[in-house]
Structures are given as structure tokens and as C-alpha cells.
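The values are calculated or read from the model by the stated rules, or taken from the named source; none is laboratory data. What you see is a predicted model; the values in this text were computed from it and never measured. Neighbour counts are summed over all protein chains in view; Cβ atoms, including those assigned to glycine, are modelled from backbone coordinates with ideal geometry.
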């Protein structure tokens, strides 16, 4: 069946009042409006998430100042990742709504929820003002955002795909991922502008709120454009012919045929894409928290590689229309897994060569009885007063400063110690200390650790004149070339596997559950570093997940390029 035939049959008497009697594929202006309106939600998502990169230290100070510094960073990363927990539930709610009442009205609702929540974050009182209520409110808003995000992506890419001609669907739907990269650039530009306008001190005190408040402009523009859109012609044809599903959730996940497809898509495509995307962004956290490069240089680095990332996304979407979705994504999975470790190592070399030299010349070694070493990522431990072993105290003192270290087993029952070059600092056991004694002992111990580290060149921020920004941009661009291959074709590959009547529901849930694998990468990587002292410990998780998706996707998922959306049963 030709596209002209399909399009002519989509126009029936019941659609006369809702869409013009013309072929949507012959209206490039209309398709552009659909792409712009649908993609603005991706700008929102990227803008919001990227703010957590350069603002992570500020958010930790503003909302989690009641915690030990190391835990404050972990909870800041969790506040960024928690949206991923809520997304599948949002996918179920909004996916079902989109399959029952339409794509347009559903993702109009999601953009409103996303926008309002982001603006409110910019108005939240900090921990110093209202105590524990501050991080609770922040986490609540992040969950609300997650629910909206869960329905936004599925609605946006489905809406675009159901408007686009078959030969351009990969390129058209990749626009959502492309605009996510644009949202990243926008977020950094806004942060830079605000820092320059109000000054660094004022920005850290109150100016950080401005980027969140400015998101209201994006929301209003998005709502205005989406109100002017018409419903998807594929969805309208389905409703006219009575082929819609009355129970999309039950049909999508209660029938083995579609459940099997959803599970294969989850582990063979979405999980890998989510991890690849998070891998491309994780160096932002590493550069800031561990390598401590100048904030302005960090922002310029992000801007530089983001320009390349946008171009790579356009290219990957275009290629997927020529050679297929599957080979492009599989190449992205394998490439990201291969280059991640050497690129992360090279980032350390070019961002902070002094730290690299210190690690080689004066390695930090923590010797402890392994039986004394407890859990290093305990979300229930809100203060040090609950007691810690000498091993815990030693590792926490070093890790919260972002300094890499090596673990070494020590004789049983002896206290842990920290060796920095020839300097040795003996740790202490905090189990039997009251709060006042713990504070005093911790202060003296941390001061001794800092002095030893400083003497061997560890704690200095990366000197701006030693940071090679062009090299960092090149490394991150290379990494994100493979990330683009793994990301751009995902949406259309999923869309072309599910029928119209359950497409929004099936896509939204699979995509959002898969997002967990990437959403928690920064937290997993930082917690792995905190436990092991290895800056690159999280790369094992990256490589494992990407290779799993490469194998499952390669063996079990079909190529879908050229499928007619209306013919998928």
C-alpha cells in the first residue's frame, strides 16, 4: 500500500472538523510544527536534568546541608535520579490516556505538569530555612516531574512518527533526542549568563534559582504551540474504524506476544540506550566533583561537545532511515562500551594533570581489617553520630574530598590508617563516642587528612592554565558520537514494533523502566567510587549493561525500517 493511498484513507468524514482534507506528508510546514511542538518537552527534560550537573554542589549545599558532605552529594544525585523511579508509573497513566483519548491532549497535560514543577523548585526554601522539609519537598517535586516525564517522551515521539512519512521517520523522531541536546546547551548558557550577571557568590546564594524560574518561558511557549496542533492522523483513522483498544494496559502487557516484545525492547534496546546516554553525561559530574576543574571551563567544555552531539544525533537519525535502526544502535552500544574506560582516564589526564601525577607519585592507601568495613552507601544514615568503624571513617574522610585511593587489607582488629606518600594518619573508631566527642575527633582527623593530601598536591582545584579544554571537548565528542548512534533511532525502532491501539502505553512503560538503568548511573558510579576509591569503578556497570543490550538486541529484536504503522497488528 502506498503512502498516498494510506493518507487518502486517513481522511474521512469524521475527521473533517479536526484536520484539513490534505495529505499531511505533503505539508512540510505542518510536520515541522509537529516536530517543534513535540520536541519542546525534550528540551524541558534535558534542561532540567542538566541543571543538576553544574549545580550539583549548590543543590547539595542548599537542600542537603544537614548531611555529611559525602552523603549530601549522593542524595543530590539521587534527587536527580528519583524521577526515573516515578517515570514508569507516569508512563502507565499517560500512556493509557494517550491510547484512549488521543496523543495531543495527553502530552499537553504532561508539559504543564513538568513546567510547573520545575518552576516551583526555583521557589523552594532551603534546608537552613525549613530543615528536613526542604529536601522532602524537593524529592516530591522530582517525583511529580518523573510522572510527567514518563508520559511525555512516548507521546512526543508517537505523535511525530504518526505524522511523518515512512522514509523520514527515523530522522523526524530523532529530533526529540536532538532537542534534548539543545536543552543541554540552553541550560549551560543560562547558568553561565546568570553567573556572569549576578557574580559567583550571589549565584551560589540565590542566583541558582533563576534557571529554574526561567523554565516558565519554555512551558508557556510549549503550551501555546501544542494548543494549535491537530490530532495524529493515524490515531484518528484508528478511532474512525473502531480499532482502538478499550484496555490498552491489559492488552499491552497481558498478551504474551506484546509482553515478550516489551521485555526484549526493554533489555535489548532501552536499557542500553539509557546507560549510553548517562555515560555521555557522567563526565560532567566527574569533572566537577572529583577533578574540580574551573566551573567556567566546565561550562565551555559542555557547550563545545554539545554542538558536536547535536550534529551526531542528526546524522544517526538520518542513517537509520537509510540502513536501518538496528545496526546503528548496536554500533552505538558496542562503541560506547569500548571507549568509555580509556576516555574517562584521558579526561583525568587533560582536566587535572597534577592530580594524575599525585596518584602515581604518592598514592593514597587505606589499610584496614576488611571485617570492619561497613556499607558506604546507606540512605538511612543521616549523620555520623550513629557510629562508624575506623575503616568507615578513613574511607569517608578521603572519598568525600573526591580523592582516589587504594584499599589494602591490614592485620585483624587493628585501627585503619591512611597512607599518603610517607605520611600515615591513624583512623579512629567512632562507635563509643557521643556526639560532642565525635565532632571533636572527626574535626581533628579530617584536618590531618586534608593536610597530608594537600602536602602531596591532591586537594588543589585543577589549575585553569593546565586544563586542556579542546582535548576535553574532543574526548567527550568522541564518546557522544557513539552515544548518538545508541540514542537517535531508539524511538522509531520502538514505535515500529507496536500497533497503534497500544503504541503509547507499550512504548511509555518500556522506555521509562529502561531509564532506570541509566538514571541511577551517576549515583551508582559515585557510590562505587566512595566504596572502592577507584574513579572508574562505575565503568564495569556501563560495559556490562551495554554488552547485554548488544547481545539481546542483536539476537532477538527485528529490523523495522519501512514498516507501515497502520499495518502493525
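Here are some notes:
- Within the stretch 194-219, being within 15 Å of residue 112 (Cα to Cα) and free of Cβ contacts under 8 Å to residues at least 40 places away in the same chain holds for 214, 217.
- Residue 468 being closer than 22 Å to residue 288 by Cα and either surrounded by fewer than 19 Cβ atoms within 10 Å (Cβ to Cβ) or in contact (Cβ under 8 Å) with a residue 40 or more places away in the chain (or both): yes
- Restricting 137, 108, 97, 147 to those that are in the same structural domain as residue 235 (by TED's automatic domain parsing), closer than 27 Å to residue 508 by Cβ and out of contact with any helix residue (DSSP H, G or I) (no Cβ under 7 Å at 6 or more places or on another chain) reduces the list to 137.
- Selection of the stretch 336-376 for residues being in a loop (DSSP other than H, G, I, E, B) and crowded, with 16+ Cβ neighbours inside 10 Å yields 352, 362, 369, 373, 376.
- For residue 164, the conditions (1) assigned to a helix (DSSP H, G or I); (2) touching a residue at least 12 places away in the same chain (Cβ under 8 Å) all hold with the exception of (1).
- Within the option set 456, 431, being loosely packed, with under 15 Cβ neighbours inside 10 Å and in contact (Cβ under 8 Å) with a residue 40 or more places away in the chain holds for one residue only, 431.
- No other residue among 408, 396 is in contact (Cβ under 8 Å) with a residue 24 or more places away in the chain and touching a strand residue (DSSP E or B) at 6+ places or on another chain (Cβ under 7 Å) apart from 408.
- Subset of the stretch 514-545 (residues that are over 21 Å from residue 405 (Cβ atoms), at pLDDT below 90 and surrounded by fewer than 23 Cβ atoms within 10 Å (Cβ to Cβ)): 516, 520
- Within the stretch 405-424, the residues that satisfy the criterion of being modelled with pLDDT of 90 or more and either buried (at least 21 other Cβ atoms within 10 Å of the Cβ) or on the phi > 0 side of the Ramachandran plot (or both) are 405, 416, 418, 420.
- Selected residue [more than 19 Å from the chain's Cα centre (by Cα), under 30 Å from residue 165 (Cα atoms) and modelled with pLDDT of 85 or more] from 500, 505, 560: 560
- If the condition is being at pLDDT 80 or above and more than 17 Å from the chain's Cα centre (by Cα), then the stretch 66-89 contributes only 89.
- The set of residues from the stretch 121-136 being more than 21 Å from the chain's Cα centre (by Cα) and surrounded by 15 or more Cβ atoms within 10 Å (Cβ to Cβ) comprises 124, 126, 127, 134.
- Screening the candidates 433, 401 for the property of being under 20 Å from residue 352 (Cβ atoms), in a loop (DSSP other than H, G, I, E, B), out of contact with any strand residue (DSSP E or B) (no Cβ under 9 Å at 6 or more places or on another chain) and modelled with pLDDT under 90 yields one hit, 401.
- So residue 223, is it modelled with pLDDT under 80 and either assigned by TED's automatic domain parsing to the domain that holds residue 304 or within 24 Å of the chain's Cα centre (by Cα) (or both): no
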